[in-house]
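K.L.:
Sharing a structure, written as structure tokens. Questions coming.
The values are calculated or read from the model by the stated rules, or taken from the named source; none is laboratory data. Please read these numbers as outputs of a predicted model, since none were measured by experiment. FYI the Cβ positions are ideal-geometry reconstructions off the backbone, even for glycines, and counts take in every protein chain you see. When the accessible area is computed, the model is the full protein with side chains, heavy atoms only, and any ligands, DNA or RNA have been set aside. Shrake-Rupley method; radii C 1.70, N 1.55, O 1.52, S 1.80 Å.
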Amino acid sequence: MLREWRRFHVLATMAVLLVAIAWCVQFTARASPGSVPGPPTSPLAAFEGDLPVADSSAWTSRRAPLLRSAFVERIYGAAAPVASARAEYRTIDSSALERTAQLQLLTLHLDAPGGATPFQVALLTPNAGTRFPLLVLPVFCGLDSDVDARLPSPAWRPMRCRTSLGRALTQLSHGDAILQPPLRAMIARGYAVAVFYAGDIAPDDPVLFSEAPIHPSADAQESGAIAAWASLYLSVFEALHTNPRIAPSLIAVWGHSRYGKAALLAAGVDPRIGAVIANQSGTFGATLSSATRGETTAQIVRRFPHWFPARLAASPRGRYSDELDQHLLLALLAPRPILLGNAGLDRWSDPAASFSAARSASEVYALFGRIGLAQDDMRLPQMSAEIAFYVRPGGHGVRSSDWDRALDFLDIHFNAAPSRASAASRGV
Ligand code: GCU
């Protein structure tokens, strides 16, 4: 009995040690993101019969629309606002977050293929000031508990986040700062924040997604979940860019991983989005599909068929071609600011192949007289460049340092934006 007890004790201690080591590695280890793969075909080169592009007007009027249709038709399916511009506002608390912010609940009416559907968005605006830059972000696990408690349940809190074990596992797989965005810091730095829970409308599950109101009708099957999430970002944009308290040209979308893919797509199809922060967006995000040493296009389509239109899921390399690679999605964002966050241990999203994509997309920024990526080293971000790229230690997930970087980046780019400067000088 004593021997068995000892054996159990030793095994339990070893298990705890292993978990502790895995935790430390995941959170602190530095790993080389690998060497940067060679450049893909220049975004300015001839593309499927379209002549080479030599200036920004040819890019904007000819090439960009062609690429937008190619991404929609061959990879993601259609992404567009699905909300009518009309939003109902309900003020929940005009002195939320220790009196620093106003909390409102917006109900957007989605004109979804499955019928009219209400979509709820929480909007926090600082109490000091009048015209704010806005950060639009999907949450993984609810919001700050003070805010959460005031919002209708369970829209903000998916099942997995209702138990401490579920929350701990989410933190382990998606980072210690995934549960709740740092709302107080955002408000203190002068940002309004619009938050939604994508699973409420477009659940991240093949069966639930196929029954979701936003899913296209069975005969069309023209869209997948990434495009549906992009449509939610765009719907929030559509409803809020006319709000007098929001600076319409200073609306940024933030997304981690699968939502990073959706955020890039949203800004790729809609030039009105002011900036994008895509954290570890990986395959079919910022990472070159042709060069990735991480997740391949065939793997992602097999494992997450509902993320893509049925036709791509049925034939991973069918309509998708090597010519249409992800540097072209980044190029569609030119000349807008993009922050690409990466983690050294996150080989699955292949940061080096994302760096190569960003470098190549910079050729389009140059057409607009901008630099794009201004760093040679993946680890030394030039935050004032239009494309900034960093690799932090540790693994996949959102850490508080990722949020700090995101806000620093926005401070630099949105403070410098002419409309904010002139709005400030007009006292609005
Ligand atoms: C999986 C998937 C990735 C995705 C990630 C995430 O790892 O393979 O493509 O980015 O989940 O969303 O966390």
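K.L.:
Efficiency by 1/(1 + (r/R0)^6): what FRET value for Leu380 and Glu323, r their Cβ-Cβ distance, R0 = 35 Å, to the nearest 0.05?
P.N.:
After rounding, the FRET efficiency stands at 0.65.
K.L.:
For the chain, what are the DSSP H helices with axial Cα length of 27 Å or more and mean Kyte-Doolittle hydropathy of at least -0.5?
P.N.:
Details: long enough: 2-28 (38 Å, 0.99).
Membrane-span-like by this criterion, though nothing is claimed about a membrane: 2-28.
K.L.:
Ok, one more. Using the alpha-carbon centroid of each, what span in Å lies between the range 376-415 and the range 289-363?
P.N.:
The two parts, judged by their Cα centres, are 19 Å apart.
K.L.:
Tell me, what HN-Hα J-couplings in whole Hz come from the Karplus equation 6.51 cos²θ - 1.76 cosθ + 1.60 at θ = phi - 60° for each residue of the range 122-129, using x for Gly and Pro?
P.N.:
Along the range 122-129, the couplings run 8, 10, 10, 10, x, 7, 9, x Hz.
K.L.:
So, one more: Tell me the label-point distance for the pair Ala54, Arg303, using the 7 Å Cα-to-Cβ offset, in nm and rounded to one decimal.
P.N.:
Computed distance between label sites Ala54 and Arg303 equals 4.6 nm.
K.L.:
With point charges of +1 on the Cβ of Lys and Arg and -1 on the Cβ of Asp and Glu, referenced to the Cα centre of the chain, which listed residue (Tyr233, Val53, Ser384) lies farthest in the positive direction of the dipole?
P.N.:
Final value for the positive-end residue is Ser384.
K.L.:
Can you tell me the FRET efficiency between Glu211 and Ser61 if r is taken as the Cβ-Cβ distance and R0 is 30 Å, rounded to the nearest 0.05?
P.N.:
The value I calculate is 0.15.
K.L.:
Any chance you could look up the accessible area of Ser290 with a 1.4 Å probe, heavy atoms only, rounded to 10 Å²?
P.N.:
Probe radius 1.4 Å; accessible area of Ser290 about 70 Å².
K.L.:
Please work out whether the range 233-319 counts as rounded, prolate or oblate from its C-alpha gyration tensor, where a ≥ b ≥ c are the square roots of the eigenvalues and a/c under 1.5 means rounded, while otherwise a/b larger than b/c means prolate and anything else oblate?
P.N.:
Details: a/c = 3.09, a/b = 2.13, b/c = 1.46.
Prolate, since a/c reaches 1.5 and a/b exceeds b/c.
K.L.:
Return the single residue from Ala70, Ala202, Ala45 with maximal mean-square fluctuation; model: Gaussian network over the chain, springs between Cα atoms under 10 Å.
P.N.:
It is Ala45.
K.L.:
Let a ≥ b ≥ c be the square roots of the eigenvalues of the Cα gyration tensor of the range 50-151; is it rounded (a/c under 1.5), or, if not, prolate (a/b larger than b/c) or oblate?
P.N.:
Prolate, because a/c is 1.5 or more and a/b exceeds b/c.
K.L.:
So how far, in whole Å, is the C-alpha centre of the range 219-281 from the one of the range 75-117?
P.N.:
13 Å
K.L.:
Also, quick follow-up: Determine the shape class of the range 353-392: with a ≥ b ≥ c the square roots of the Cα gyration tensor eigenvalues, call it rounded for a/c under 1.5, and otherwise prolate if a/b is greater than b/c, oblate otherwise.
P.N.:
Values: a/c = 2.86, a/b = 1.53, b/c = 1.87.
Verdict is oblate for the range 353-392.
K.L.:
Over the heavy atoms of Trp254, what accessible area does a 1.4 Å probe trace out, to the nearest 10 Å²?
P.N.:
Counting only protein heavy atoms, Trp254 exposes about 10 Å² to solvent.
K.L.:
Could you order Thr242, Thr292, Thr100 so the one with the most accessible surface comes first? Probe is 1.4 Å.
P.N.:
Ranking Thr242, Thr292, Thr100 by accessible area, largest first, yields Thr242, Thr100, Thr292.
K.L.:
Moving on to the next point. Per the helix-only calculation at 222 nm, which mean residue ellipticity applies to the chain, given -39500 (n - 2.57) for every DSSP H run of n ≥ 4 and division by its residues, nearest 500 deg cm²/dmol? Walk me through the intermediate numbers first.
P.N.:
Values: 15 runs with 154 residues, N = 428.
Roughly -10500 deg cm²/dmol at 222 nm, from the helical runs in the chain.
K.L.:
Could you give the nm distance between label points at Asp404 and Asp93, where each point is 7 Å from its Cα heading toward the beta carbon?
P.N.:
In this crude label model, Asp404 to Asp93 measures out at 2.7 nm.
K.L.:
With unit charges on the beta carbons (Lys and Arg positive, Asp and Glu negative) and the dipole taken about the Cα centre of the range 305-406, which residue among Gln375, Leu345, Pro335 sits farthest to the positive side?
P.N.:
It is Leu345.
K.L.:
Where is the GNM fluctuation largest for the chain (alpha-carbon springs, 10 angstrom cutoff): Leu250, Leu367, Leu332?
P.N.:
Highest fluctuation among the options: Leu367.
K.L.:
State the percentage of accessible surface on the chain attributable to carbon and sulfur atoms; use a 1.4 Å probe and exclude ligands, DNA and RNA. Working shown, then result.
P.N.:
Numbers: 10150 of 17490 Å².
Carbon and sulfur atoms account for 58 percent of the accessible area of the chain.
K.L.:
Arg160 accessible area, nearest 10 Å², 1.4 Å probe?
P.N.:
That residue has around 110 Å² of solvent-accessible surface.
K.L.:
State to the nearest 20 debye the size of the charge dipole of the range 212-300 about its Cα centre, where the only charges are +1 on K and R beta carbons and -1 on D and E beta carbons.
P.N.:
Dipole size: approximately 300 debye.
K.L.:
Also, I was wondering about something else. I'd like to compare 190-201, 169-180: which one has the highest average count of other Cβ atoms within 10 Å, and what's the full order after that?
P.N.:
Ranking, from highest mean packing down: 190-201, 169-180.
K.L.:
Once you keep just the Cα pairs under 8 angstrom separated by 6 or more residues, what percentage relative contact order results for the chain? Write down the numbers at each step before the final one.
P.N.:
Working: 880 pairs, mean separation 82.6, N = 428.
This gives 19 percent for the chain.
K.L.:
Take the eigenvalues of the Cα gyration tensor for the chain, scale each by 5, and report the square roots as semi-axes in whole Å, largest first.
P.N.:
31, 28, 24
K.L.:
In nm, give the distance between the simple-model label positions of His9 and Ala366, each being 7 Å from the Cα along the Cα-to-Cβ direction.
P.N.:
Output for this residue pair reads 6.8 nm.
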